[in-house]
Each structure stands twice: as structure tokens, then as C-alpha cells.
1. Which strands (runs of 3 or more DSSP E) does region 609-657 wholly contain that include 1 or more residues that are of a type in the set (Phe, Trp, Tyr), open to solvent by 10 Å² or more (accessible area, probe 1.4 Å) and within 16 Å of TYR597 (Cβ to Cβ)?
2. Is it the case that region 97-104 has a residue that's closer than 30 Å to LYS652 by Cβ and either at pLDDT below 95 or touching a strand residue (DSSP E or B) at 6+ places or on another chain (Cβ under 8 Å) (or both)?
3. Which residues, taken from region 89-148, are of a type in the set (Phe, Trp, Tyr) and open to solvent by 40 Å² or more (accessible area, probe 1.4 Å)?
4. Taking the stated definitions as given, is ARG371 open to solvent by less than 30 Å² (accessible area, probe 1.4 Å), among the basic types (Lys, Arg) and not in a loop (DSSP other than H, G, I, E, B)?
5. Which residue out of THR229, THR253 is among the hydroxyl-bearing types (Ser, Thr, Tyr) and in contact with an Asp or Glu (Cβ under 8 Å, 6 or more places away or on another chain)?
6. Taking the residues in region 437-453 that are of a type in the set (D, E, K, R) and part of a strand (DSSP E or B) as candidates, determine which candidate is modelled with the lowest pLDDT.
7. Identify all residues within region 320-337 that are surrounded by 13 or more Cβ atoms within 10 Å (Cβ to Cβ) and part of a loop (DSSP other than H, G, I, E, B); write none if there are none.
8. Return the only residue of VAL455, VAL463, VAL408 being without any contact (Cβ under 8 Å) to a residue 40 or more places away in the chain and of a type in the set (A, V, I, L, M).
Amino acid sequence: MRNLILLALVCFFIQSNAQKTIWTKTVTDDGFMNQLESGNILFKDDSELSLLDHKTGDALWSSSVKTEKNPKFFDGIPFMYFEGKNYAILDASTGEIIDQNESKTNVLDIHYFWEKSRIVVELEREKMHHVLNINLEDLSKSWSVEVGKVQKALFGLATRGSSNAPAIDAAGTIALVDKKHISYISPEGSVSNKTEFKKNIKKVGFNESKEILYVLEDKKNLHFINLKTAEIIHSLEVKEKDLKLKILNDENTVAIIQKKVCIMMDAISGDVIGQFESKDKIKEVFVDDSTGRYYLLLKKNVTELNTSDASVAQTADLDTDFQELYRSKDHVFLSGRGRINQIDLNDLSLKYSKAVQSPPPNDYIEMSDGRLYYYQIGPKFMMSFIGTDGERKWGKEYNSPRRVEIRVVNNDLLVINSTEVNFLSTKDGKSLWKKTVKVDPSFAYVDDEANGEYVFYSEKRVVKFDIDENSIIKSVDKFKFKDFDYETQQPLLLNTDNGTFLKGSNSVFFCSRSGTNASEKHYKKSDNTSGLLKLANTAVTVAAIGSGNADKVVTVYQNGEQVHKGSMVDDMNGSWAYANDAAAKRRAKQNSGSSSYPYVFTKLENKKRGLIFLDSNSAKERFDIVMDEKDPNYILDEIDGVIYYLSNTKLKAIDIK
């Protein structure tokens, strides 16, 4: 790399051809490529679909699946699907075809059952509703079945969403809850039963161990349905349109609220085993997931009921008529009427001797001298600092369409909202700065606590916050970008030991430590309207794993060695290439500008287009890569320091380290 930089100083043209091409593959023109979390490149052209080893370019697998459409990807697993004619679902890591059909097919919904090693895919094929059951333990045992006509809604296809998501029992029977019927699909893949209703239905609960499905018909009648026989075991009329049904007592009991009455019933038969009646309306129901204990929030009261018979286990009166009872992080809170308290569910004792003035906490920060509670819904933001003595020390409110960010710095609070950056004392909430930093649409910042500072781009200047000195230093010079929309765009900031690198559109600056403009260049705008390298969309995401199954699903590799294997993977196909621990970084950096390898896409001096890479320590040019297209097709892999460039009939992997 040192030699390459030296070459750059000698000859720009030679420099442009100095980057090492790691491998080249001949392909057909206008192909599609994407990078899996393993790093390997999925490539599709007119002739074939293949997965390429990102280090060698060798094909790990090739498939004859032909479709004009580009693939879409499942969440949390390396599966992809093609809709329309020549529909297919494949394992992207192995090329194995999971499902395929030449008829026009669209995916309506995908449901993930990680704990059962199942994925249920709902399909529309020739106006008929099909269900594909993917068996993750053995793909060969996957099957699909036609269920009936696709149900239409007023504004399009009726999808199940979260409330009416399919239910699967331990044996593998699938219950599909539609608008007015439930279809039951056997573990072998045949429609075994169907339950019809006169009015619209909604699933309100599923008791897996008892194989009972609870559905509400026309918001009036609750039905207990046996999943194996499709028999309605029990029905009762309910008074609450927004019925909340809780499954309790090791799934032996269900509880519902009927205005002032809590009714507990046998989970299978629906027989009433006990009920609790309050003189006031029951406001909230809370079930402690860790213990299974059941609590009711009443007017100025919290009561725990025994889950076996609805008798009172303990009760406590409150000083405030709270409206909500809920968990936030590690604690349970009461909130309402502008006040809160924390409650210990073991004995119903309260943290504070009296309710304190505070917004209902979406979140909170533990501090040495108290706790900061904060809350934001839409533009409305509120926060309160409550001391260890339970007294409210101070509070703030902002109208901030931008999500308010709070950073703890030296036991005080750096707060960034839609209009300003401020540094607040936790003692009294007052500003520790003489003047705040303005936040406008082009505002950007970088957290460089390693060097003891935050760096902001505000009002066209670089502003530094020295943490140790608690000082704000504005740059001497302004940094004005060309071809840059200050109302919608934010520049890239990189803070280094030498100063701050700034890049906005095709303008590049370097601000010295003394705040002067040490380097400035405005590159010619290319025909690419973004002025940036076109980055391929990232394929495989882990959004669905955010439900808490990451440790069960993901196998982690470090330096080529497996360091963690999710429990759900033990029985799965061992050839699946699950993400390594750098995958999340790979995905995030591909979707943003490059910070490890800053660049501009511009017209070069030789009148060709190209990508110029820059030194973030000086903003000087390191090297360029020539390209011919107006809208080039690239993937920038910051993890491995490689660009995958598709041009004409060549796919190249180019080292940019």
C-alpha cells in the first residue's frame, strides 16, 4: 500500500491502474449481484444463478433457475425467492431448490417459527391460496398445499399480520386463521379440516401445550377450538371489544377482563374456575413473564390474583390514579396523569415514597445521583431527572421531529434534538455551555470519545466539543459543499489525529486541528445523480432474529473458527453458511457512505469516469479505479477491503486496502 501511495504522487494514470485485481470472472452483460453475510457474492445473469467465493471468484454452486426478476430475501436466514413466472425459493448458501413452480406465483406473507425450526410461506398462485411449510431441520421434508381461494380485502390482499399469524402445535399441525374460517393443515401437508364462521374472526391466543386456539368472532363471541379436531369446545359472549386474553398457570388457565370483572377459566373446557370483581373498571392487566404471576391495575390500586382460582394473592393501595402498568428494561412502572412510580412485583412496594412528576418512561438512564427518565412519541419529547431521594430535580420538554439523542459524558448529559446540541448538568438541568450548537437539516456529528471529543458540522463550520475541557471550539473557516442540498443531505465526517475529514456530494475538505481549511477540492459531478458509488442492496438481514432468537439461530465464526453454534442449528443442514460476527458491520456500512474507504465518483482527468479513494487523514487522493458506465454496478466490502465491479462481461474483485 505504501508503494501504491508513492506511485500516486508520481503518476496519476499509472496510479489508476495500480490496484490489484484479485480475480476476474467472465459473465453476460447487465447481471445482478448481491453480497451475503458470509461475504460470498450471489450473481445472476441471463444464463444462470450462482454463488461465488468472494476470495477466489470460484462458483460454490450454480443453478439453472431462470427468471427475469431479481431475488428477494428471507429474514435471518440465507434463503431467497423469485416471484412471478418461474417462481422459486432457494437456499442461497447451497443452491438447493426448496420450492419451484412455472406458474405465476407471488409471496403473500412469511412467518418464522424459529423455535420449531419452521418457516411458513403463504403464496398466491392463479388466484388460489397455497401454503409452503419449510422444514429447517430437513429441507427434503418441506411441502406445499393448496388451501383455497385467496381472500381479498377492500384495498387488496388480506394478509394475516401479527394478530392472525398461523399457529403450529407440537405435532406440526398448522392453523391458518382467515377472515371467516380456519384451515387446518396436517403435519404431512394436507388440509385436514376447516371451521367456518358467520362473522369476521380474530385470533386472540394460542395454547400450544393444550392444542387450543382462541378466536374472537365479530368482537362479541370468544371460541375455544381444538386444533386437532377443529371442534369448538366452548363459546361465550364477551363485553370488551378489545379483548385481552392471557394464558396462565403453566397454560392450564386463561383469564379475560369483562369491564369490572376478571374471569379465569380452564384453558381447555372454558369452565369458570374463579372470578374477581372490582368496584371500578379494570384498567390494565400485567403478566410477569419471568414468574407467570398476574396483576390488575385498578383505581389507585394494584392487585395480584392467584392464577389457579382468581383469589386475591396481595393488594396495595396507591396515592395516584395510574393508567398504565408496564415493564421498561429491568423494572416495572406505574404511570399516568403526569406521574410515575416503580413497583416491586414481589411485595407491591414502591421505589418512591410518593409518585413523582415525570413522563411515562420509554427508557431511562441510571446515574450516580439519580435516574433520568425520558419519553418520545412523534415530535413530543420529555425527560425528568429524579434524585436518589425520590425528588424531581428538573425536567425538560422539546418539540423535536428528530429522534432526541442523549449521551452520558462525564456524568452529565449531551442532548441532541431537532434545533440544538446542549450539554446539561445532571444537578439542575442547566446548560454547561455558554452557547449551544445549532442543529439544522445538514447537521452531522461524530463521536470520538477515544480522543476525548465530539465533532459537529453546524452552520457550515466544524465545531469541536472537548470533553475534558468542557469547551466548544468553532473552526476559523467555513466549509461549503457544491452540488449539495443543505435541506436534505448531511456530510460524512471522519475525525482523525490530524483533524477532520469532510465529504458532501463531490466536495472534499480537511479541517486542521487549528480549525483552518487545510485541503479543499470540488470534483466534477459525474452523470450518476447521486455523485456516489452505487451500492448494491444488502441481501440477507437479521431483522426477524431481533425477537430474541439470535443466540439460537446464528452460528458465529471468528478468524475462520466457529466460536458459537446456535442451539437451533445443531440439527440443521451443516452446510448452511450463517453469518460471521462481522456481518452486521458489513451490512450497515454497505448501506451508508464508506468511512473506512472514503471516495467520490467523478469524471477523471483522462475524461473517463472513476472512483477516487481519499486519505481520511489529509483528504489527499490515494488512487482511482476507472469505470465506463454512467451508473456503475458495484459492491464495496469494507470488511475485506474489496470492490466487486461488474462491467460489460467482466466481474472483478479489486483490492482497495
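1. 642-647
2. yes
3. TYR112
4. Criteria met by ARG371.
5. THR253 is the lone residue from the list that is among the hydroxyl-bearing types (Ser, Thr, Tyr) and in contact with an Asp or Glu (Cβ under 8 Å, 6 or more places away or on another chain).
6. The selected residue is ASP448.
7. Those that are surrounded by 13 or more Cβ atoms within 10 Å (Cβ to Cβ) and part of a loop (DSSP other than H, G, I, E, B): THR320, ASP321, PHE322, GLN323.
8. VAL463
The values are calculated or read from the model by the stated rules, or taken from the named source; none is laboratory data. What you are looking at is a predicted structure, and each value in this text was computed from that prediction instead of being measured. In this analysis, Cβ positions are derived from the backbone assuming ideal geometry, glycine residues included, and neighbour counts consider all displayed protein chains. Accessible surface areas use protein heavy atoms only, side chains included; no ligands, DNA or RNA. Shrake-Rupley method; radii C 1.70, N 1.55, O 1.52, S 1.80 Å.
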